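Report on one structure; see the data block that follows.
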Amino acid sequence: MLLTKAEIEARTITEDGQVFLQKAAQDGLETVWDRYQAQKPQCGFCELGLSCRNCSMGPCRIDPFGEGPQRGVCGADADIIVARNLGRMIAAGAASHSDHGRDLVEVLRKVGEGHAPGYTIRSEEKLKKVAAEFGIAADGKTPADLAVELAHAMEEEFGTRKKALTFLGRVPEKRRAIWDKLGITPRGIDRETSEMMHRTHMGVDNDWQSLLLHGLRNALSDGWGGSFIATEVSDILFGIPQPVPSEVNLGVLKENQVNIVLHGHNPIVSEMIYEAAQDPELLALASEKGAEGINLAGLCCTGNELLMRRGIPMAGNHLMTELALSTGLVDMMIVDYQCIMPALGEIATCYHTLMISTSDKAKFPHMAHHEFHPETAQSKARELVRMAVENYERRLPAKVLPAPNTPTRMMAGFSVEAILGALGGSPAPLIEAIKSGAVQGAVGVVGCNNPKIRQDFGHVTLTRHLIENDILVVDTGCAAVAHAKAGLKVPEAAALAGPGLQQVCKSLGIPPVLHMGSCVDNVRILDLAAALANALGTDISDLPLAAAAPEWYSEKAVSIACYAVASGIFTVLGTPPPIFGSPKIVKLLTEDIEGLLGASFAVEPDPEKAAARIEQHIRQKRKALGL
Ligand code: XCC
Ligand code: SF4
């Protein structure tokens, strides 16, 4: 059934999204938006966090109106149930990022041992720096030796033998003292997640406050542990991102080239595909088949990883993943894990697209499984690219619709190293710009798309307001892709910023919205915030900073938001988390926690109001610093 213009415009603000929503409807596809409609009304108990199925005496639910049951079969009340549910969301998010980190550590070790042909150490500089943080001396050792030693040391971070994670060495002392006082210093990465699962089992931790505190510790084990390892090891293996031009939207898929779309999160697979796509033999085969080349494009965060390091264009963000297939131009989609909708395989059966899953822990309906392992990834990648090339001639012309709009230009690659490089090697010029008021503060706008929110509207509206008010925006994940589509990531976008920020961007030749990477790369923002605080001898919570996740959907986003707040960064969520069944928990997280951590959460679905809240927060922080 075709959609009306109004229906389409209510779903997305993007030009390509609007075109391909209709194309998908024409082709008879059911998309994430249709399935969301079909689910309405969604369960009110679950929305409020008031349902529990942690054991088989249940499932149970608490009546929010106070008329029906106020306790589960075990006796748990609303506060306990909401806290347990939130805790399990954090655990799932932390586990996802951290398992991703662990996979990279495995590759690092195998590179060192010589068992991962095709992978190498691209940044010896970062290898040495991180090894030193782990107390491993570099002298006289080959990079391979160092890689093995560092990998072993990182494996220890996941376990139970530590008092505190190693990367806490970068955390300002005042923040460390707060964590120690509250008893939320993260010890082992897996340990905190495992302990959360234990605490939320029936009959263990039944104090909603101590559950929430452990939730913060669990989230910190992600931010300063699993995700931190993921980002740093990715840089060691694949290089530290540097500013790079690229393009975004479905227009990056080429009619006359073999299109391979990479979707998921971990660069382990996508980097090998990138290598294979340069293979002269495969390029010759492509031309034999009548294609002018092999075109790679990214979706979600594995796309962001390739974009940051190789300038590979982005086809889109989370809600574009199904629509990308409806172009009929995707010869192969290769996925690893996380955020890959299980609907994708079936949608692809409508086209010639080959769907490939690659991880032993992530299989999907209607996808061919080609498992990647470090030992064989290189040959596997070549095999897949060959299959994609051979699939080019099977396109179904009647089903093909190239995007009518040209790709939007963007600039990405703003690692902390790149930002400091642009500033001449130290954070001092940025601190000066903040002191002078040219830059009022900085905000991380991050996170997903969610069909509950008009696609990209939350991100783009919020960010436009912030930069207009001289607030520098740094971004990651699907938010970053939204901003790129809206044209906010080119140096010329400085014209949209307030006079102070505009001046700073122009003098450095940078956009007012800096792409810092994938979702695990939110730790780059933490790292930068910590570096600023350390340079000033203060705490992160004293700085004029904030974070926002206007369209978040995933459990990973919950973990990210919690480690941001625990690290001292005020964080505004666009979609409400399932906590409103407990007024006590809402009050703690949005008000009282400020007194403990110097930061709190806010929930504000309206991006204009969110911008106002953030601007007010930044003014307050500036005032407290005497600026
Ligand atoms: Fe997934 Fe990372 Fe969210 Fe996008 S932003 S929908 S988590 S791909 Ni992290
Ligand atoms: Fe019900 Fe308690 Fe079991 Fe949850 S843990 S399902 S509230 S009995």
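The values are calculated or read from the model by the stated rules, or taken from the named source; none is laboratory data. All values derive from a computational prediction rather than experimental measurement. Cβ placement follows ideal geometry from the backbone for every residue including glycine, while neighbour counts extend to all protein chains displayed. Note: areas computed on protein heavy atoms with side chains; ligands, DNA, RNA excluded. Shrake-Rupley method; radii C 1.70, N 1.55, O 1.52, S 1.80 Å.
For (1) more than 30 Å from residue 203 (Cα to Cα); (2) among the basic types (Lys, Arg); (3) within 16 Å of ligand 1 (Cβ to nearest atom), each residue gets a yes or a no:
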{"position": "6", "(1), (2), (3)": "yes, no, no"}
{"position": "23", "(1), (2), (3)": "yes, yes, no"}
{"position": "31", "(1), (2), (3)": "yes, no, yes"}
{"position": "40", "(1), (2), (3)": "yes, yes, no"}
{"position": "59", "(1), (2), (3)": "no, no, no"}
{"position": "65", "(1), (2), (3)": "no, no, no"}
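Assess whether residue 185 counts as being within 30 Å of residue 89 (Cβ to Cβ) and of a type in the set (Val, Ile, Thr).
On the way: within 30 Å of residue 89 (Cβ to Cβ): yes; of a type in the set (Val, Ile, Thr): yes.
It is true that residue 185 is within 30 Å of residue 89 (Cβ to Cβ) and of a type in the set (Val, Ile, Thr).
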Inset, instruction - Residues that are within 15 Å of the chain's Cα centre (by Cα) and at pLDDT 95 or above: find the strands (runs of 3 or more DSSP E) completely inside segment 406-519 holding 2 or more of those. - result: 441-445, 471-475, 513-515
Legend entry - Residue that is of a type in the set (D, E, K, R), open to solvent by less than 30 Å² (accessible area, probe 1.4 Å), within 16 Å of ligand 1 (Cβ to nearest atom) and over 11 Å from residue 150 (Cβ atoms), where the choices are 103, 79: 103
Inset, instruction - Output yes when any residue across segment 249-262 is open to solvent by 10 Å² or more (accessible area, probe 1.4 Å) and either under 30 Å from residue 101 (Cβ atoms) or not assigned by the TED database to the domain that holds residue 329 (or both), and no when none is. - result: no
Legend entry - Search result, residues across segment 314-358 that are open to solvent by 10 Å² or more (accessible area, probe 1.4 Å) and small (Gly, Ala, Ser): 343
Inset, instruction - For segment 489-496, state whether one or more residues are more than 16 Å from ligand 2 (Cβ to nearest atom) and on the phi > 0 side of the Ramachandran plot. - result: no
Inset, instruction - State which residue is nearest to residue 128 (Cα to Cα) when the search covers only segment 156-165 and only residues that are touching a helix residue (DSSP H, G or I) at 6+ places or on another chain (Cβ under 6 Å) and of a type outside the set (A, V, I, L, M). - result: 157
Inset, instruction - Would you please list the contacts, defined by Cβ atoms under 9 Å and residues six or more apart or on different chains, that run from a residue in segment 459-482 that is closer than 20 Å to residue 266 by Cβ and assigned by the TED database to the domain that holds residue 298 to a residue that is within 15 Å of ligand 1 (Cβ to nearest atom) and among the basic types (Lys, Arg)? - result: none
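If I filter segment 570-581 for residues that are closer than 28 Å to residue 425 by Cα and at pLDDT 95 or above, do I get at least one hit?
Yes, there is a match, as at least one residue in segment 570-581 is closer than 28 Å to residue 425 by Cα and at pLDDT 95 or above.
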Inset, instruction - Could you please tell me which pairs satisfy a Cβ distance under 6 Å, a separation of 6+ or placement on different chains, a first residue in segment 295-313 that is at pLDDT 95 or above, and a second residue that is within 16 Å of ligand 2 (Cβ to nearest atom) and of a type in the set (Gly, Ala, Ser)? - result: none
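Which residue out of 597, 589 is in contact with a Phe, Trp or Tyr (Cβ under 7 Å, 6 or more places away or on another chain) and either loosely packed, with under 14 Cβ neighbours inside 10 Å or in contact (Cβ under 8 Å) with a residue 60 or more places away in the chain (or both)?
Just one listed residue meets the conditions, 589.
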Inset, instruction - Filter segment 359-385 down to the residues that are among the basic types (Lys, Arg) and outside any loop (DSSP other than H, G, I, E, B), then identify the one that is farthest from residue 279 (Cα to Cα). - result: 380
Inset, instruction - For residue 49, indicate whether it is within 16 Å of ligand 1 (Cβ to nearest atom) and within 26 Å of the chain's Cα centre (by Cα). - result: no
Inset, instruction - List every residue pair whose Cβ atoms sit under 9 Å apart, with the two residues 6 or more apart in sequence or on different chains, where the first one lies in segment 432-444 and is touching a residue at least 60 places away in the same chain (Cβ under 8 Å) and the second, anywhere, is basic (Lys, Arg). - result: 434/622; 437/622; 440/619; 440/622; 441/619; 441/621; 441/622
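Quick one: is residue 297 of a type outside the set (Lys, Arg) and under 24 Å from the mean Cα position of the chain (by Cα)?
Taking the combined requirement at face value, the residue satisfies it.
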Legend entry - Residue that is nearest to residue 222 (Cα to Cα) [pool: residues in segment 531-542 that are assigned to a loop (DSSP other than H, G, I, E, B) and open to solvent by 10 Å² or more (accessible area, probe 1.4 Å)]: 538
Inset, instruction - Kindly list, by first and then second residue, each pair from a residue in segment 191-210 that is among the basic types (Lys, Arg) and open to solvent by 70 Å² or more (accessible area, probe 1.4 Å) to a residue that is away from ligand 1 (no atom under 16 Å from the Cβ) and part of a helix (DSSP H, G or I), limited to pairs with Cβ atoms under 8 Å and residues at least 6 apart or on different chains. - result: 191/221
Legend entry - Listing of helices (runs of 4 or more DSSP H) fully contained in segment 1-118 that carry 3 or more residues being away from ligand 2 (no atom under 16 Å from the Cβ): 5-11, 15-26, 32-39, 78-113
Inset, instruction - Pairs only if they're at least six apart or on different chains, beta carbon under 9 angstrom, first in segment 549-563 and touching a residue at least 60 places away in the same chain (Cβ under 8 Å), second of a type in the set (Lys, Arg) and within 16 Å of ligand 2 (Cβ to nearest atom); list them, first residue then second. - result: 555/88
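Out of the residues in segment 106-120 that are within 14 Å of residue 267 (Cα to Cα) and of a type in the set (A, V, I, L, M, F, W, C), state the one that is surrounded by the fewest Cβ atoms within 10 Å (Cβ to Cβ).
Among them, the one singled out is 107.
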